[in-house]
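*Asks:* I have a structure here, written as structure tokens, and I will follow up with some questions on it.
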Amino acid sequence: MIHKRELSICAAVVVWATACTDPIDPLAPRTFTFGPYPLEPGVEITDDCVSISLHNDEPIYVNQAELTTSAGFHHSNWFWVPETQFAGADGTWSCDERHYSEAAAGVFGAVVFAQSTQALHEIQAFPPGAATKIPPHAKLVAGLHLLNASDEPLAPKIELTITPIAADAVTADLHGFAFQNQTIQLPPHAKSRFTIECDLTKGLGLGGAETTRPPPDFRIYHVLAHYHELGSGLTFEALRDVDGGGETMFETQTRIGDALGSVLDPPFDLTGHSKIRFACEYDNPRDATVGWGVGDQEMCIVFAFTDSPLVWSGGAPYAESPGPGVDNNGVIEFTHACVTTSTDGTH
């Protein structure tokens, strides 16, 4: 049984490539350390957030991010936001008290690094010249998911290093692309596969109004899968306009604890592919159906970085049913419609 509790506030330790009193080399790697976080056996924490102000007067173009942690650290996604957003002291704080959510962070800022579930060390490295832009006067912020499923006390730390490149070296300005299937309902004692297909030329605009868009002409540089311990794989495809056939951009059959992200070399050009399709696979040995959520529940997310000037998101919403499943050689398959949205990524 997992028990949740609040964690007392801890200070963040900031490690710079030079001493804090020296001028900061704008192209030097920057390392930020948070914790340790004492976790007794059976404890799960989902209301802790961290932030660190960057004190940057100029944009920072991040070409690589590296995260190192230890057992007990389940997951985190790191955003930049304006330094005035989620106001308060840097370090570790209550997400609820500052009204933090990833949706809000995405509105006011953008993703810098997305972590694979329970990966203890992971490097998100883009090709030379590709980078995510952090505007001036920003801070990094992340919601933490801490979970000690062991029988021994744990005290994980978190270390994040970002490596910038010069502005004149940037050849591709990358933005986030996130789709999720929240309708998942994993049948007990069964293997299952949940698929959604999304048309990038149709979707919702401001205010929820239906809109049409030109066919995509951008490239996908990096893809990350996100699921929990029952997940066994994810497939991400682009569908050709000419014949509807699928081309696999990314595929993993890796369990959690390993890096579930990959650079696409070369980047995949979506020109001529107006639709994307992704599917998550699971093996549920439990007696109960498993749905969307944290703790002992599951997720199905594909996250990517593209050189589109738009930030893309969409998928299938939580409140809807996955629909009837069809047994296909021992795997129960579900399909669901998809809604897409896009917003201007040029902050």
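The values are calculated or read from the model by the stated rules, or taken from the named source; none is laboratory data. What you see is a predicted model; the values in this text were computed from it and never measured. Backbone-built Cβ (ideal geometry, glycine too); neighbour counts: all protein chains shown. For accessibility, only protein heavy atoms count, side chains too; no ligands or nucleic acids. Shrake-Rupley method; radii C 1.70, N 1.55, O 1.52, S 1.80 Å.
*Asks:* Among the residues of region 73-101, which ones are among the small types (Gly, Ala, Ser) and at pLDDT 95 or above?
*Replies:* Passing the criteria: Ala87, Gly88, Ala89, Gly91, Ser94.
*Asks:* Considering (1) in a strand (DSSP E or B); (2) touching an Asp or Glu at 6+ places or on another chain (Cβ under 8 Å), say which one His222 fails and leave the rest.
*Replies:* Here His222 meets the rest and fails (2).
*Asks:* Also, quick follow-up: On the basis of being open to solvent by 70 Å² or more (accessible area, probe 1.4 Å), at pLDDT 90 or above and either part of a strand (DSSP E or B) or over 14 Å from Thr306 (Cα atoms) (or both), does Asp217 make the cut?
*Replies:* When the stated conditions are applied, Asp217 does not pass them.
*Asks:* One residue is enough: does region 145-153 have a residue meeting the conditions assigned to a strand (DSSP E or B), in contact with a strand residue (DSSP E or B) (Cβ under 9 Å, 6 or more places away or on another chain), open to solvent by 20 Å² or more (accessible area, probe 1.4 Å) and farther than 19 Å from Val294 by Cα?
*Replies:* Among the residues of region 145-153, not one is assigned to a strand (DSSP E or B), in contact with a strand residue (DSSP E or B) (Cβ under 9 Å, 6 or more places away or on another chain), open to solvent by 20 Å² or more (accessible area, probe 1.4 Å) and farther than 19 Å from Val294 by Cα, which makes the answer no.
*Asks:* Given the criteria modelled with pLDDT under 95 and in a strand (DSSP E or B), does Ser70 qualify?
*Replies:* So Ser70 fails the test.
*Asks:* Also, quick follow-up: When only residues in region 51-78 that are among the hydrophobic types (A, V, I, L, M, F, W, C) and over 21 Å from Gly106 (Cα atoms) count, which is most open to solvent (accessible area, probe 1.4 Å)?
*Replies:* Filtering region 51-78 for residues that are among the hydrophobic types (A, V, I, L, M, F, W, C) and over 21 Å from Gly106 (Cα atoms), the one most open to solvent (accessible area, probe 1.4 Å) comes out as Ala71.
*Asks:* Considering region 236-256 alone, what residues qualify as being β-branched (Val, Ile, Thr), within 17 Å of Phe194 (Cα to Cα) and at pLDDT below 90?
*Replies:* Thr252, Thr254, listed by residue number.
*Asks:* Here is a check on your reading of the model: is Trp312 open to solvent by less than 20 Å² (accessible area, probe 1.4 Å) and either under 17 Å from the mean Cα position of the chain (by Cα) or at pLDDT below 90 (or both)?
*Replies:* The answer is yes for Trp312.
*Asks:* Same structure again: Pull up region 86-127, narrow it to residues that are acidic (Asp, Glu) and in contact (Cβ under 8 Å) with a residue 40 or more places away in the chain, then point me to the one that is least open to solvent (accessible area, probe 1.4 Å).
*Replies:* Glu122
*Asks:* Additional query: Select from region 279-303 the residues that are outside any loop (DSSP other than H, G, I, E, B) and at pLDDT below 95 and write down the one among them that is nearest to Ala65 (Cα to Cα).
*Replies:* Per the criteria, the residue is Phe303.
*Asks:* Of the conditions (1) of a type in the set (A, V, I, L, M); (2) buried (at least 20 other Cβ atoms within 10 Å of the Cβ); (3) out of contact with any helix residue (DSSP H, G or I) (no Cβ under 7 Å at 6 or more places or on another chain), Val81 clears all except one; give me its number.
*Replies:* The failed condition is (3).
*Asks:* Residues that are at pLDDT 95 or above, part of a loop (DSSP other than H, G, I, E, B) and open to solvent by less than 60 Å² (accessible area, probe 1.4 Å): does region 257-270 have at least one?
*Replies:* Within region 257-270 (the criterion being at pLDDT 95 or above, part of a loop (DSSP other than H, G, I, E, B) and open to solvent by less than 60 Å² (accessible area, probe 1.4 Å)), the answer is yes, since at least one residue qualifies.
*Asks:* At pLDDT 95 or above and in contact with a Leu (Cβ under 8 Å, 6 or more places away or on another chain) - does that describe any residue in region 113-123?
*Replies:* Within region 113-123, none of the residues are at pLDDT 95 or above and in contact with a Leu (Cβ under 8 Å, 6 or more places away or on another chain).
*Asks:* Still on this structure, please answer the following. Checking the structure you have, find out if any residue of region 208-219 is among the aliphatic types (A, V, I, L, M) and in contact (Cβ under 8 Å) with a residue 24 or more places away in the chain.
*Replies:* No, region 208-219 has no match at all.
*Asks:* When you check Asp241 against the structure, is it part of a loop (DSSP other than H, G, I, E, B) and in contact with a Gly (Cβ under 6 Å, 6 or more places away or on another chain), yes or no?
*Replies:* Spelling it out, Asp241 is indeed part of a loop (DSSP other than H, G, I, E, B) and in contact with a Gly (Cβ under 6 Å, 6 or more places away or on another chain).
*Asks:* Restricting to region 23-50, and then to whatever is more than 17 Å from the chain's Cα centre (by Cα) and of a type in the set (Ser, Thr, Tyr), can you tell me which residue is least open to solvent (accessible area, probe 1.4 Å)?
*Replies:* Among them, the one singled out is Tyr37.
*Asks:* If the requirement is being part of a strand (DSSP E or B), under 21 Å from Gly176 (Cα atoms) and polar (S, T, N, Q), which of these qualifies: Thr335, Thr343?
*Replies:* Thr343
*Asks:* Which one of Val326, Val294 is under 17 Å from the mean Cα position of the chain (by Cα), of a type outside the set (Gly, Ala, Ser) and either closer than 30 Å to Leu120 by Cβ or surrounded by fewer than 17 Cβ atoms within 10 Å (Cβ to Cβ) (or both)?
*Replies:* On inspection, the qualifying residue turns out to be Val294.
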